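The values are calculated or read from the model by the stated rules, or taken from the named source; none is laboratory data. Please read all numbers here as calculations on a predicted model, not as lab measurements. Note that we place each Cβ from the backbone using ideal geometry, even for glycine, and neighbour counts take in every protein chain shown.
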Amino acid sequence: MQAAATEPSPSSREAAIASERTRILYENLQRVLLGLLAWVGNLCFVYRHAEPAWLIPWATVILLVGVAEWVAIRRYLAAPPVGDAATRWAWGIAASSTLVAVLVGTSPFYLLDPALTTYKYAAYALLVLPVFGSAIVGAPFVALHYGMALGLQLPLVGWLLLNPTPEHWLLISMVMLGSLPVSLVLGRHLGREFLRSLELRYENLELLDHLRGQTLLAEQRGQEKSHFLAATSHDLRQPLHALDLFLGALEQNLSTAEQRNLLKNARRSSSALSDLLNALLDVSQLDSGSILPTPVTTSLAPLLTNIADELRGEANTHGLTLRLRIRDLTVRTDPVLLGRMVRNLATNAVRHTRSGGMLIGVRRRGGFARIQVWDTGPGIANTDREAVFSEFHQLGNPERDRSQGLGLGLAIVRRLSDLLDHPVALLSKPGKGSCFSIDVPLTTERMPVNGETHRVAGLAGAFVVVVDDERPIRQGMRSLLRGWDCELLTASGGDQAVSELSVNGHPCPDVVVADYRLRGGETGLEAVARIRALYKHPIPALILTGDTSRQVAAASAAAGCGILFKPITPEALKQTLGNLL
């Protein structure tokens, strides 16, 4: 398992901050360095009455230092160093900028005539105003601002002190009590705010990296959970599937009413265990995100008719009627998951209705088909309408009577509703009954044309090939299918099946029944493909599996194979084989 993302050390964070503040400092200087030319030009205008022997060398030295800074900036930005090396570059550019400031700040000593009053104030302005600009430019590295502020203003104060006049004392007070302390405080404040914003930025980046690491870890654990659920689903369903097969085979060999009654109780317990396992695995898979919908164009009439046919026998056993009032609307949905939603609602209605019956209906509501399941049961109070969608919540069943369900059916409906984005609504009146509805989007797409499926009354004489790597399953299938008067060949894998069929000259099978997971990484789909290739005929095939993922279902559909999820009742197996034939 991948380790969780660790928090970066303070030293690495400090090194990153040092590198970034230096990079921003150099970028700022690159943008303002050309302004140095205009600035020096203005100073040359102020000092135009100075001796050329001083003015020209002074301006030349400043421009040369400026060019050197420009070269250094371009070199730095081409390959920015990190950590301590970046800090050394910051000190270097701060030193060169301070040198320029000192050169400019000492200019009054040899360029300014004390008698030219007007130009003193112009020189003051040109020497002081850049200080406040340096507070902004030097915010990433405040030492640069300090050097420029002191280098520009203190030499001016020294020159004024050497030529004391009332006018000069006024300028000195303006510098010492105004511009100098204000600029230093402003630079310190901007530097702190910049550094704090940079620290917050890197803290956020570290938090984001940590969050990404946790997200990847959560996704990995989700995948591991999905794999675990798939393996658990298969391993738990296999013995239950074998148990159902043996119970189905045993039923054909019982002669007394007492024996049949015992078998009936055993099958009831097996059915309850299967229902609980299926429901728990469904909830776990939905929570883990391992079930993904595959929306297709679907006709509602056959889907709802099949569900009603499946439940009509159970309804009749309880003395209830089950009616259909449907319109053959075409919708865009995952028919398997939608069928599970409707089946759970209808089963819930059957188990909680004591008299009367149920109705499965479809209405058009705007751009949706509204599937409704009505019942004449006890109804649900307003205070319980949200609670009924919770796990293991059952109304009026404190003794946990399993005949009334497990309290997971509606919880699965709610999860599938969120997954498919098919809203579920509940209308109910205590003592009168309830109506659950599902809104499914309509579509104008045409249904694909498939071959018609024919039902047969029995399986007598059908030649069935069973491929399963577990001996108990093969034994159970052998006993069950022989009881239905089928001819049978069983094999543990595709190699053995092809070998047996080839060597003994068997005719083409009528149907192949294969477990999905076989030994050696082989799948039932591969075994079916090999048998079909042997006879060069698209033999009907049925895949039995405990893996309820959409990938397996999609692969089976693509191969033209039916699919049943374990554990499988003998009745469901017989009906499905009849449909395939």
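Observations on the structure shown:
- Which numbered condition Q153 misses (of (1) at pLDDT 85 or above; (2) in contact with a Leu (Cβ under 8 Å, 6 or more places away or on another chain); (3) under 22 Å from R31 (Cα atoms)): (3)
Rundown of residues vs (1) at pLDDT below 85; (2) outside the structural domain of L304 (by TED's automatic domain parsing), yes/no style:
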position	(1), (2)
S437	no, no
P448	yes, yes
D469	no, yes
S479	yes, yes
C486	no, yes
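- Check on T305, at pLDDT 85 or above and among the hydroxyl-bearing types (S, T, Y): yes
Here's the yes/no breakdown for (1) surrounded by 20 or more Cβ atoms within 10 Å (Cβ to Cβ); (2) over 22 Å from L55 (Cβ atoms); (3) basic (K, R):
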residue: L99; (1), (2), (3): no, no, no
residue: L103; (1), (2), (3): no, no, no
residue: F132; (1), (2), (3): no, yes, no
residue: V142; (1), (2), (3): yes, yes, no
residue: G147; (1), (2), (3): yes, yes, no
residue: L170; (1), (2), (3): no, yes, no
residue: P181; (1), (2), (3): no, yes, no
residue: H189; (1), (2), (3): no, yes, no
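- Within segment 529-552, restricting attention to residues that are aliphatic (A, V, I, L, M) and free of Cβ contacts under 8 Å to residues at least 60 places away in the same chain, the residue that is nearest to P239 (Cα to Cα) is I543.
- Of the residues making up segment 530-576, those that are among the polar types (S, T, N, Q) and closer than 21 Å to A249 by Cα are T545, T569, Q575, T576.
- Looking across segment 489-504, just one residue is crowded, with 22+ Cβ neighbours inside 10 Å and not in a helix (DSSP H, G or I), and that is A491.
Yes/no matrix, rows are residues, columns are (1) closer than 22 Å to D439 by Cα; (2) outside the structural domain of S428 (by TED's automatic domain parsing); (3) crowded, with 20+ Cβ neighbours inside 10 Å:
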position: E310; (1), (2), (3): no, no, no
position: L322; (1), (2), (3): yes, no, yes
position: R327; (1), (2), (3): yes, no, no
position: D334; (1), (2), (3): yes, no, yes
position: L338; (1), (2), (3): yes, no, yes
position: V350; (1), (2), (3): yes, no, yes
position: G361; (1), (2), (3): yes, no, no
position: R365; (1), (2), (3): yes, no, no
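- For segment 459-488, the candidate set comprises residues that are in contact with an Asp or Glu (Cβ under 6 Å, 6 or more places away or on another chain) and in contact (Cβ under 8 Å) with a residue 40 or more places away in the chain; within that set, the residue that is surrounded by the fewest Cβ atoms within 10 Å (Cβ to Cβ) is F463.
- Selection count, segment 352-372, where residues are in contact with a strand residue (DSSP E or B) (Cβ under 6 Å, 6 or more places away or on another chain), not polar (S, T, N, Q) and not in a strand (DSSP E or B): 1
- Given (1) surrounded by 13 or more Cβ atoms within 10 Å (Cβ to Cβ); (2) at pLDDT 85 or above; (3) acidic (D, E), number of the condition E206 does not satisfy: (2)
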